[in-house]
Amino acid sequence: MSNIMKIMKKHIISLFAAVALMALAACTNAFLEVEAPMQEFIEDYFKTDAHIQEAVVAAYDPLHWTDWNGSQYCPVNIISDIMADQLWVGGQDKSDNTFWHLMMNFEALPNNCLSGMWWVSYSGVKRCNDVLAYVAAARENLTDEAAKYYEEQARVLRVFYYNWLWKFWGNIPYYEENLSGDFLCEQQTADYVYDKMIKDLEGALAIDALPMRETAENYGRVTKAMAYMLYAEVVMYQKDEARYPTALSYMKEIIADSGYELVDDYATIFLNTGEWSSESIFEITYRANGSYRSWGSPLVAGGTVIPRLISPYNFSGAGHENGWGFAPVRQETYDMYQPTDARRDATCWYAPADGSYEKRYQDTGYFLEKYVAKAGGNAGQIADGDLNYDNNLRVYRYSETLLNAAELLLATGGSNADAKTYLNAVHHRAGLADDVDATLDNIIEERRLEFVGEGKRYWDLVRTGKAATTLVPDAYGYRTNTWSEQKKYLPIPQSEIDAAQNTLKQNAY
């Protein structure tokens, strides 16, 4: 997303704050009512192309809030991977970000769980619904091209937000028009939610208004390729075999497009210079320079806290900066790589080799090089340095397209030779000369090596039926419970059940 778009976000937030104040004023007694300083109410404001563009940009904002939303740290990549078998939780001790530790050991509690992700996701759903309502109301003021472009973005984004809710909680309220009245919504089963999501995404793709790849000034917006990757993700997680051929055709369409290819050097992918490379299909953008995100205003546009969160505590040395010691990389993760695998050192940074730091809980010496705080990584920020690192979060990469295609070919009885070609393109890029056969186990293993710290591993284990035999008690006494099907969906936050007046049934976690 361009700097101009990012700067626009602060004005959008101010706009919505003003609208909220107007709405409150409208609910008071007459003698308290004041004339709205904007001289324009919300139903009138969002009638022009320019103003609807503001609403579209605002619908992207919640993507940035998962790292720190004012109440919880819940970066999607990290919280997903601590439930897998490659990262520890770390921090000072088990009381530090307690809900992370509980999730890792499959003992999350309704009153100590991932509540921040719940409201961030529904904030995104709400804003997407707003866009669609505004577009419908202002259709006569928009060109057909603009209306379709805004609608498709909002619908794809809405599915993306619901995907977070669906994967973490499964049985959730689902709505495509914002709630009113008592603001209660019927809870649906995970299968029902999937059916609504996939049909919404199919409807969005049928609009066909998105480019396969955006131009630089629009980096950060959803694209056709991003929507294709989202489609493959939810279809494969649901194991919806009837839709596998369509998902495969989407992967092949990306592969055939000249805009996407593997970069030669894996280590460059996660550098600032590697953002929006030819391998990048979708990133959540963060910006340090000029950013004023702060502890008092965590939801404004700016940088990210992830590098500070996962770097060694009180580190002193060259090339990197200190952090809070969360998400240390497991020793077993480093050991799984062949010495010649370029992904090993690009993923696992051994901090003691470059400086000194204070060891924290579950320390191994290894930290996630992909996102750790690099020297000067928050240069130019003008508020709180902790929150303003300049690291985009990589969501979908072309290497995943290739591995999805290989897996889908096997599942649909397609060409094993093509599946092997796709698999080995990723394998060889890592500097490994040997060929690997196209089997499901080999593809999942390649994903294990390729996506450490990117939030893929846990979901791969669940969808392939490997979680119960892989996510078991460890030799250190950190994980003492074994994953089971009952642990697939986290407890719904008790605060949400209370707010819904007990119309939500708790997951049987």
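The values are calculated or read from the model by the stated rules, or taken from the named source; none is laboratory data. A quick note: this is a predicted structure, and the numbers were derived from the prediction, not measured. Heads up, the Cβs are rebuilt from the backbone with ideal geometry, glycines too, and the neighbour counts pull from every protein chain shown.
The residues of segment 89-99 that are in contact with a helix residue (DSSP H, G or I) (Cβ under 7 Å, 6 or more places away or on another chain) and closer than 19 Å to residue 348 by Cβ amount to a single one, 89. Residues considered: 364, 401, 333, 412. Of these, the only one that is farther than 25 Å from residue 75 by Cα and polar (S, T, N, Q) is 412. Within segment 142-185, restricting attention to residues that are farther than 25 Å from residue 237 by Cα and in contact with a helix residue (DSSP H, G or I) (Cβ under 7 Å, 6 or more places away or on another chain), the residue that is surrounded by the most Cβ atoms within 10 Å (Cβ to Cβ) is 150. Only residues that are closer than 19 Å to residue 387 by Cα and outside any helix (DSSP H, G or I) were counted in segment 63-107, giving 13.
With respect to residue 196, is the statement that it is farther than 20 Å from residue 167 by Cα, among the basic types (Lys, Arg) and free of Cβ contacts under 8 Å to residues at least 60 places away in the same chain true? Against the criterion (farther than 20 Å from residue 167 by Cα, among the basic types (Lys, Arg) and free of Cβ contacts under 8 Å to residues at least 60 places away in the same chain), residue 196 does not qualify. Taking (1) surrounded by fewer than 23 Cβ atoms within 10 Å (Cβ to Cβ); (2) within 20 Å of residue 391 (Cβ to Cβ); (3) of a type in the set (Phe, Trp, Tyr) in turn, residue 326 satisfies each apart from (1). Selection of segment 469-502 for residues being among the aromatic types (Phe, Trp, Tyr) and more than 18 Å from residue 172 (Cα to Cα) yields 476, 478, 483. Within segment 217-240, the set of residues being hydrophobic (A, V, I, L, M, F, W, C) and either modelled with pLDDT under 95 or assigned to a loop (DSSP other than H, G, I, E, B) (or both) comprises 222 only.
The residues of segment 338-384 that are under 27 Å from residue 295 (Cα atoms), aromatic (Phe, Trp, Tyr) and in contact with a strand residue (DSSP E or B) (Cβ under 6 Å, 6 or more places away or on another chain), listed by number, are 357, 361, 367.
The set of residues in segment 283-308 that are surrounded by fewer than 18 Cβ atoms within 10 Å (Cβ to Cβ) and touching a Leu at 6+ places or on another chain (Cβ under 8 Å) comprises 294, 295. The set of residues in segment 140-193 that are among the small types (Gly, Ala, Ser) and on the phi < 0 side of the Ramachandran plot comprises 146, 147, 154, 180, 190.
Only one entry of 258, 280, 316, 249 meets the criterion of being hydroxyl-bearing (Ser, Thr, Tyr) and under 21 Å from the mean Cα position of the chain (by Cα), and that entry is 280.
Give segment 358-384 a look and list any residue that's of a type in the set (Phe, Trp, Tyr) and under 13 Å from residue 318 (Cβ atoms), or say none. None; the set is empty. Would you say residue 62 is closer than 30 Å to residue 147 by Cα, crowded, with 20+ Cβ neighbours inside 10 Å and touching a helix residue (DSSP H, G or I) at 6+ places or on another chain (Cβ under 6 Å)? Yes; evaluated as a whole, the condition is true for this residue.
Scanning segment 137-159 for residues that are part of a helix (DSSP H, G or I) and either hydroxyl-bearing (Ser, Thr, Tyr) or farther than 18 Å from residue 201 by Cα (or both) yields 137, 139, 140, 141, 144, 145, 146, 149, 150. For segment 495-509, the tally of residues that are part of a loop (DSSP other than H, G, I, E, B) and not β-branched (Val, Ile, Thr) stands at 9.
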